[in-house]
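Since the structure comes first, as structure tokens, the remarks are kept for the end.
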Amino acid sequence: MRNDLTFAPALSRRAVTAGLAAGACFVAMPSMSLAQGGADAARRAVEQAVADVNRIIASGQSQQQMYADFERVFATYADVATIARSTLGVAARQATAAQLQAYTQAYQGYVSRKYGRRFREFVGGQIEVTGVRPIKSYYEVVSTAYTRGNSPADVRWHVSTNSGSPKFFNIIIQGVNMLASERTEVQAILDQQGGSIDRLTQALRSA
Amino acid sequence: MAIKKALLRLPMMAAISGLALLAACGPAPHATGTADPQEEVNRQRHNFNKGVDRHVLRPVSHTYGHVPGPIRTGVSNFAENLELPSDVVNGVLQGRPGNALQNTGRFLVNSTIGILGIFDPASHIGMPARKTDFGETLYTWGVGEGVYVENLFFGPSTERDTWGKIVDQIANPLHFLLDSPETGYTTVAKGGEVLDKRYTYSGAFDDILYDSADSYSQARLAYLQNRRYTLEQNAGVSGTSGGDDGFIDPYADASGDGAAAPAPADFIDPYEDANAQ
């Protein structure tokens, strides 16, 4: 009891100091990115995501561990909530907040497994970021993917810096738009599930 | 004999070259969306093609995959080398002499130093392939893509590109130069090339055909987007990812634009009520 009393003020003082420091960071970050240009931030985010993916592929861990790692990278660098919502199309408007959240969670795992399966094809390859340009209120980070036995592929990342930290919401590989293809796919599964978001979520969990 | 055959075709070649003047018209405008009025027929053909893939192409390509990689590459190189004369003619017709020259150089180098095209030294000395087809030639003349078509055996295409393929088959300069046994080899090599492609990109093929909920729509989308992108890149039409429709703004539709605002629970629509009786 006595300990609590003496400890509490000390803790809260520290907490306040820490809180102030964190607050200063939040204030400083947007103004810094404005000064440096969001383009640099968008570019760095893509480069970090690519570096993380390359590390996972080279790690030589089991498929299951790789999926978990991919999911972490996807959750960190992609705007999963926005992507997931977009794939639902008009159905997103009828969904409750809880349904949307469950769907987003299931979709995140589904995407990590689906694309994680294919990442093996990129073993020994590399992605080189070549430029950034603004597109509407976003950024398009342009990169070239070099993989063994294939001619170089044009890979573009659409990045939003609106949420403070830059996150990508679309990838376009040789003109093939991943978000468009994801929308088509999710709509087809939704149709198969009789238009029920709950059953769609269930289907993605086991896909 | 072969030379005489080629000489006989000279007037025709000259006529085709005259068409190259059309290239000045500029490429077709940017295509958007999906025009697929024959979807029902296309879906039937898609199912047929899928059956062919499942029962023939896929299993045979897996077997072909046991052939050592360098040999498969050699076969594919041989087949691709024989497509170069056609690419050269198309390059001229498109008013792209640089591409036509590069493909001519490739053909000369790979046919000789590369031993009948089995090896590809040209790529190593800065002469990579400038692949093209008559569908692209039509594009550079301003012909629009037309509606989407899934062809039996050949798969996703458009009206324009289907005609392109037909013309490429009929007018391939090689037919005028080669006689009976040689054309047989080229057909076999072409088959090897197809199998090698199916084997090498099996991940992508299987994903679209067997791991998607609607393989027809996925194949159509991927084909149209990639084809438009390739044609526009080659034409140097802006560096964008397929123009305006290449950009999707998922943040814009999160706000629910274009949709009627959801009605509050206590809202009563008297007009709807009247009809419900």
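Where a number appears in this text, it was derived from the coordinates with a stated rule and is not lab data. This one's a predicted model, so the numbers in the text were calculated from it and none came from an experiment. In this analysis, Cβ positions are derived from the backbone assuming ideal geometry, glycine residues included, and neighbour counts consider all displayed protein chains.
Pull out a ≥ b ≥ c, the square roots of the eigenvalues of the alpha-carbon gyration tensor of region A:168-207, then state rounded if a/c is under 1.5, prolate if not and a/b is larger than b/c, and oblate in the remaining case. Prolate, since a/c reaches 1.5 and a/b exceeds b/c. Site pair A:Arg44 and A:Ala68 shows an inter-label distance of 3.0 nm when each label is modelled 7 Å from Cα along Cα→Cβ.
Here B:Lys131 and A:Ser196 are evaluated by their C-beta separation; at R0 = 56 Å the FRET efficiency comes out at 0.75.
Applied to region B:137-153, the Karplus parametrisation 6.51 cos²θ - 1.76 cosθ + 1.60 on θ = phi - 60° returns per-residue 3J(HN,Hα) values of 4, 4, 4, 5, 7, x, 7, x, 6, x, 8, 6, 9, 9, 8, 4, 6 Hz, with x for Gly and Pro.
Each principal axis of the Cα atoms in region A:75-207 has its own extent, and those three values, largest first, are 42, 34, 23 angstrom.
With each label modelled as a point 7 angstrom along the Cα→C-beta vector, the B:Ala252-A:Thr147 pair spans 3.1 nm. With each label modelled as a point 7 angstrom along the Cα→C-beta vector, the A:Ala51-B:Ser202 pair spans 3.6 nm. Using R0 = 22 Å, the C-beta based FRET efficiency linking B:Asn47 and B:Phe153 works out to 0.95. If R0 is taken as 45 Å, the Cβ-Cβ distance between B:His175 and B:Ala35 corresponds to a FRET efficiency of 0.85. For region A:89-152, what class follows from the C-alpha gyration tensor (a ≥ b ≥ c being the square roots of its eigenvalues): rounded when a/c is under 1.5, otherwise prolate if a/b is larger than b/c, else oblate? Oblate.
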